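Heads up, the thing below is written out as structure tokens.
The values are calculated or read from the model by the stated rules, or taken from the named source; none is laboratory data. This is a predicted model, so every value here is computed, not measured. Don't worry about glycine lacking a Cβ; one is built from the backbone with ideal geometry, like all the others, and counts go over all protein chains shown. Remember, those area values only see protein heavy atoms, side chains included, never the ligands or the DNA or RNA. Shrake-Rupley method; radii C 1.70, N 1.55, O 1.52, S 1.80 Å.
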Amino acid sequence: MASDAASAAPVPATAKPAPAKRRGSYNCGRCGLPKKGHVCSVPGPASSSAAASTGGGDKAGEPQPQPPPQQQTKPRRALQFDDPSPPAASAVVLDAMPLAVAAPPLPRTPPRKKARAEVVDVEEEEEKEEDEDDDGGPPLPWVEVCAGRRAPGEVLVDVLRRLSPRGVAAAAGVSRGWRECARHLWGDAREVRLRASGVRPVAALMARCPVLARLVLAMDSDVDATLLACIAFSCPNLQSLDISLVNNAANRITGDELSRFVSEKRSLSVLTLDGCSSLGFVNVNSSSLSTLRLSGLCSLTKAVMNCPNLNELSLIFAAQNNDSTDLVALMDSLGRTCPNLRNLHISSIRLCNEAVFALESANLRGLRMLSFLQGSKITDAAVASIVRSYVSLELLDLSGSAITDNGLGMISNAFPNTLTFLLLAKCTNITSFGVQVAAAQLPLLRLMDCGQSICANPQPEAGRSYYFGDLTGGIKFCSKLPVQRKQQTTCQKLIIKHNNLKKLSLWGCSAIDALYVNCPELVDLNLNLCTNLHPERLLIQCPKLKDVHVKGCRDMLIGAVRNQVLNEFAAIEPQLPYKRLADGSKRVHVPHFMIEQLEEQEKLGRPRKSQCTVHPNW
């Protein structure tokens with residue numbers, strides 16, 4: 001009995017072998033030969049039943065294996081993925097044709113499933129990026145940019161960073177992947193420049209930028225304290241704020257609201273605000289503020305800047321005759337409240353010598369840039385005060401003042417080793433001699449602006465009307481006589497010879513009739529409205545000159561400028577060998593090494609040396 005059981009034990013193992021998985025094979029399932037044009041000679045299901053009956057000699061008490069279900073008699077397809085072949089039939093196949101002899105099955109990679117294979121590769125690459133990512137945040141997924149083509153999310157974020165906020169908002173509506181990239185961009189944005197028509201779009205954008213540090217707004221609508229409250233709530237780490245107005249928008253922020261905003265923003269370091277006509281007073285208290293620029297000011301009753309770390313202060317007042325701002329008190333308080341001030345820019349028609357004297361008593365020895373604009377009452381006495389107070393000025397702007405050549409001489413003697421920028425536009429009392437001496441005594445000068453200073457016919461001041469009674473008792477209106485300014489000679493010669501000067505502006509200098517400019521580093525020359533300059537008395541020797549502005553000049557002068565600055569071969573022709581032809585012309589022999597250099601530059605795609613551009617039109 002035990003021997004019978006032992007003999008019967010291996011029968012189920014041989015009767016039920018593990019069938020080989022051959023789904024999707026082009027070979028015959030019975031003999032293993034290719035199916036195309038093949039008639040199989042291996043017996044079908046009848047042999048399987050006979051084989052099953054041969055094993056029926058076992059004793060009656062032992063369990064018999066289950067008979068296999070009868071196989072379908074219809075012919076099989078060439079590609080049949082749901083193979084219903086039973087284990088017994090597979091055993092017959094293995095008996096008829098061993099597996100080692102049968103042809104190996106083809107790999108299961110149908111052509112229509114290549115896209116799924118790409119997804120697998122992308123997932124593997126993303127897993128590698130996750131392993132290499134040390135930031136702790138999830139990496140961006142690959143995003144479909146067009147039909148069947150995708151790009152890494154980091155690349156798309158870098159592209160979106162170059163768009164405007166409107167473009168990024170439009171891109172976020174393309175798909176889920178694009179929206180995720182836009183959200184990632186807003187989350188990491190450090191600087192945003194936006195033109196908005198109200199507070200609502202600004203609030204919607206600020207909510208997406210938790211780490212925003214610099215915000216530049218151009219507002220099309222009126223601005224009030226609501227905008228400041230929105231910015232203060234949505235941007236806790238804001239460091240720089242710039243608000244400008246376009247399309248006649250108004251600024252309704254008061255001085256109290258501005259003072260509260262600055263005091264609450266402990267991280268704010270730069271504040272620029274346009275159209276500050278409704279402030280009334282300025283009382284700024286901040287230990288973090290380093291730059292303050294306010295424009296459009298008018299009639300300030302009080303101006304206190306208690307900012308110990310303030311480096312730059314710019315106050316631009318509206319050109320209104322009814323302005324009642326006390327600039328003397330403002331200048332006097334700057335020394336006590338802003339000891340670290342380096343750059344000071346004030347533009348007001350109420351600037352006078354007394355305001356400059358008050359700034360001298362403020363003891364701001366560290367000033368580097370000083371700019372007083374529209375101060376028609378500033379004279380040489382104020383220049384003497386500036387020279388006594390500051391020894392290391394790098395920029396001095398006295399445009400619109402009444403200084404003369406004596407004041408210009410004091411400036412040249414006081415700052416020969418520091419002054420880099422000198423702006424004297426609309427200073428009608430200076431002459432070409434003073435400008436020439438200043439250019440010769442300031443060797444570090446890089447920019448010089450003398451626009452509308454050397455004029456033949458200066459504009460008289462606007463006359464004011466008053467009335468008096470005549471002999472008949474009537475009223476007679478008369479106009480005040482215009483103030484007589486110092487008349488300059490019409491024919492003046494100007495010689496500028498400087499080694500470091502890069503920009504020279506002589507626009508509107510109608511009194512100059514002869515000009516000689518020898519500046520090896522000069523790149524920009526402005527000769528607009530130089531109506532009396534003679535073409536034959538003009539000489540420009542500036543090899544690095546790139547732009548010459550001659551708007552409003554005579555055609556002969558424009559032609560003379562073009563002949564001098566656009567002649568490329570004027571300086572190199574005498575150095576090259578040439579021979580005289582029969583007709584008297586010259587044929588220049590260009591050396592071979594110069595031709596090779598030009599060919600190499602053209603092959604490498606390097607641009608040739610840029611020529612000077614003459615701008616004759618407005």
Just to be sure before I move on: is Ala319 of a type in the set (Gly, Ala, Ser), assigned to a loop (DSSP other than H, G, I, E, B) and surrounded by fewer than 19 Cβ atoms within 10 Å (Cβ to Cβ) in the structure I sent? yes
Looking at the stretch 502-560, which of the residues that are basic (Lys, Arg) and in a loop (DSSP other than H, G, I, E, B) is least open to solvent (accessible area, probe 1.4 Å)? Lys551
Step by step: first the residues of the stretch 271-296, then only those that are more than 22 Å from Asp323 (Cα to Cα) and either of a type in the set (Lys, Arg) or over 27 Å from the mean Cα position of the chain (by Cα) (or both), then the one that is least open to solvent (accessible area, probe 1.4 Å). Which residue is that? Ser286
All but one of (1) out of contact with any strand residue (DSSP E or B) (no Cβ under 8 Å at 6 or more places or on another chain); (2) open to solvent by less than 20 Å² (accessible area, probe 1.4 Å) hold for Leu393; state the number of the condition that does not hold. (1)
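Only one of Ala425, Ala381, Ala439 is within 38 Å of the chain's Cα centre (by Cα), assigned to a helix (DSSP H, G or I) and small (Gly, Ala, Ser); which? Walk me through it before giving the result.
On the way: Ala425 fails: assigned to a helix (DSSP H, G or I); Ala381 fails: within 38 Å of the chain's Cα centre (by Cα).
The unique qualifying residue is Ala439.
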Kindly indicate whether any position in the stretch 581-600 is at pLDDT 90 or above, basic (Lys, Arg) and open to solvent by 40 Å² or more (accessible area, probe 1.4 Å). no
Residue in the stretch 341-378 that is nearest to the chain's Cα centre (by Cα), counting only those that are open to solvent by 60 Å² or more (accessible area, probe 1.4 Å) and of a type outside the set (D, E, K, R): Met369
Please tell me if Val262 is within 30 Å of Ala303 (Cβ to Cβ), in the same structural domain as Val304 (by the TED database) and open to solvent by less than 30 Å² (accessible area, probe 1.4 Å). yes
Total residues in the stretch 192-208, condition within 18 Å of the chain's Cα centre (by Cα) and crowded, with 17+ Cβ neighbours inside 10 Å: 1
